[in-house]
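Peer 1: Please find one structure pasted underneath; my questions will follow.
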């Protein structure tokens with residue numbers, strides 16, 4: 001019988017997370033290049049980790065949802081999720097966490113996104129708290 005120790009499982013998880021972060025780096029370079037500018041790789045990865053932690057506070061899991069959330073942090077604002085209409089969708093218990101990112105499209109307006117962008121606070125990348 002194969003026995004996987006906790007330390008081995010943690011190593012697998014860490015490796016999987018590192019691979020996922022690498023996938024997001026490629027996604028951002030391909031689809032959001034202008035938003036990441038000339039960020040040093042270590043800073044880009046730190047921001048991705050911050051974004052993943054922030055997304056997970058809403059129960060968002062799975063590659064596409066997490067990748068979309070991080071992409072929005074770069075594209076709109078690192079604190080886009082604090083906008084009241086957006087936050088309402090992300091915390092709506094009647095929406096499964098797996099559907100929340102998709103529902104953002106249907107339950108928010110263009111004005112909501114413009115407001116979220118205008119209220120963007122770059123300090124959210126380094127702030128303690130959600131994802132910090």
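The values are calculated or read from the model by the stated rules, or taken from the named source; none is laboratory data. What you see is a predicted model; the values in this text were computed from it and never measured. Backbone-built Cβ (ideal geometry, glycine too); neighbour counts: all protein chains shown.
Peer 1: Residue check, residue 39 against (1) surrounded by 10 or more Cβ atoms within 10 Å (Cβ to Cβ); (2) under 27 Å from residue 103 (Cβ atoms); (3) without any contact (Cβ under 8 Å) to a residue 12 or more places away in the chain, all met but one. Which one?
Peer 2: (2)
Peer 1: Take residue 112 and tell me if it is part of a helix (DSSP H, G or I), in contact with a helix residue (DSSP H, G or I) (Cβ under 9 Å, 6 or more places away or on another chain) and closer than 22 Å to residue 43 by Cα.
Peer 2: Considered against the rule, which asks whether it is part of a helix (DSSP H, G or I), in contact with a helix residue (DSSP H, G or I) (Cβ under 9 Å, 6 or more places away or on another chain) and closer than 22 Å to residue 43 by Cα, residue 112 comes out as no.
Results for (1) under 24 Å from residue 116 (Cα atoms); (2) surrounded by fewer than 16 Cβ atoms within 10 Å (Cβ to Cβ), shown as yes or no for each residue.
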position	(1), (2)
2	no, yes
6	no, yes
59	yes, yes
64	yes, yes
76	yes, no
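Peer 1: Also: Which ones in segment 109-124 are crowded, with 19+ Cβ neighbours inside 10 Å and modelled with pLDDT under 95?
Peer 2: Within segment 109-124, 124 is the sole residue that qualifies.
Peer 1: Restricting attention to segment 86-108, which residues are surrounded by fewer than 16 Cβ atoms within 10 Å (Cβ to Cβ), within 27 Å of residue 123 (Cβ to Cβ) and either under 14 Å from the mean Cα position of the chain (by Cα) or in contact (Cβ under 8 Å) with a residue 24 or more places away in the chain (or both)?
Peer 2: 87, 91
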